Structure formats: C-alpha cells, structure tokens
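Single-structure report; data block below.
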Amino acid sequence: MKTTWARRVCSHHALCGISHAHLARLVKELAVPWTARHEAALEQRRGRARQRATGAGPNHHLVLDDRLLVTLVGLRFQLPHKVLAVMFGVDRSTVTRAVHEVRPLLAQRGFAVPDRPGIRLETLADVFAYAAAEVDFGYQGLARDFPDQISAPPRKPAKDAPSEQVAAYQQARKQQSSRRICVEHTIAEPKQWRPLQRYIGRREYFDETFQAIAGLVSDRTALR
C-alpha cells in the first residue's frame, strides 16, 4: 500500500520533473538495458549463469517503475536516500542500489534532437557533427561574423523612425524571439534541477548526474 501511494505521488511532474507520458516512454526504453545490467550483476555475484527461469526467486522490493521514480526524484531535489526509502517502505540500501542501477542508464541515453525523432547525440563527436550541420539560432555573439548562420535581435529603430520601419522592426523581433525561445528554455530548464543549482553529492557521480539530467531536459525540449 505504501509503495502504491509513493508511486502515485512521485510520478507527479512536480516531483519527478517529467510528464506521465515521458515517464512511460522511459520505463519502456530502459526495461531491456536495465534487465541486462541486472542479470549481468547477478551472474557476476553468483559466479555462474542463471539456472532457474527468469522471474523465479524472490520479487524485487522495487520494480523498475519505482526504481526510475526514486532516481528521478533524487535527481530533481537531491533528497536523501533515507527519505525516499521511508516513502516507499524499503531499506535505504535498496534505494541507493536502485539509483546506482538507473542513473547510469539515464546518463548513457544521450541527447534528443528537435525535429529528429529517433536520433540522439551520444558523444562529443556527435555534438560537433550536428553543430557543423545546423548552427543554433539562439546564440548572438557570432551574428556579425556569420550572418548566414546566426540570427541576432534586429537593430532598434531611432525614436523618429517612420511607423513602417517601427512595424517592420517589431515583426522581425517577434520572429527572432520565436526562434530563440526554445534555446532560452533549454538553457534555463536544467537550473530547475537541484543538483545543477548546488551539487552536494559525491564528486565522482557529478558527470553522470549532469548527463542524466541533460538527457531528460533534451527530451522535453525536443518535443516543444
């Protein structure tokens, strides 16, 4: 009963940071790699291959859905694992193990690309290749040197400019702002995740934490 209550509460976007539809897609996406990783860990611990059918033996204290939720809420608010353990009615070590299983899978997903469903940028080489093909319209500093690739806000007309020039300026500014807004949201949204405001975790997990959050943010941005 406690797990059901905690699952319902933690799946709210205000806590886990993503929508129900996004959460469902993540569970489906991570099911295979999580199972493979889990089975590999069990085999290493046993020192031999599985002898019973998959699914035999004791049930998990936290199913994959719950493991993903405790990881997402932990990433969102940096809640102590002990707090999440109380919410789900399990031991703190169970939550810690779940986070260490799921967070690397989130970090390895790469980054979604707007208007390119199914494509994810997984390496720095992928990012450079994409940047070489399509320069983001949100950056202004290079507009003077690369006018064909960079779009900067239009120059404001003088106070005594004719009404036609003012109207053209306002229209151009509106069009440029609509192109910039997705980039502005992408820049601002990671700051809504507590670890990227002030990270208090262990240093060796920062890169993994950052990549996991950035991948989740990219999913939301790509759907706008």
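The values are calculated or read from the model by the stated rules, or taken from the named source; none is laboratory data. Predicted model, so just to flag it, every value in this text is computed and none were measured. For accessibility, only protein heavy atoms count, side chains too; no ligands or nucleic acids. Shrake-Rupley method; radii C 1.70, N 1.55, O 1.52, S 1.80 Å.
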For K174, list the lysines whose Cα falls under 21 Å from its own Cα; do not include residues on the same chain fewer than 8 positions away. K156, K159
Using alpha carbon centroids, what distance separates the range 1-50 and the range 111-129, in Å? 24
Please calculate the 1.4 Å probe accessible area of Y205, with all protein chains present, and give it to the nearest 10 Å². 60
By accessible area of protein heavy atoms, probe 1.4 Å, what ranking do E122, E184 get, highest first? E122, E184
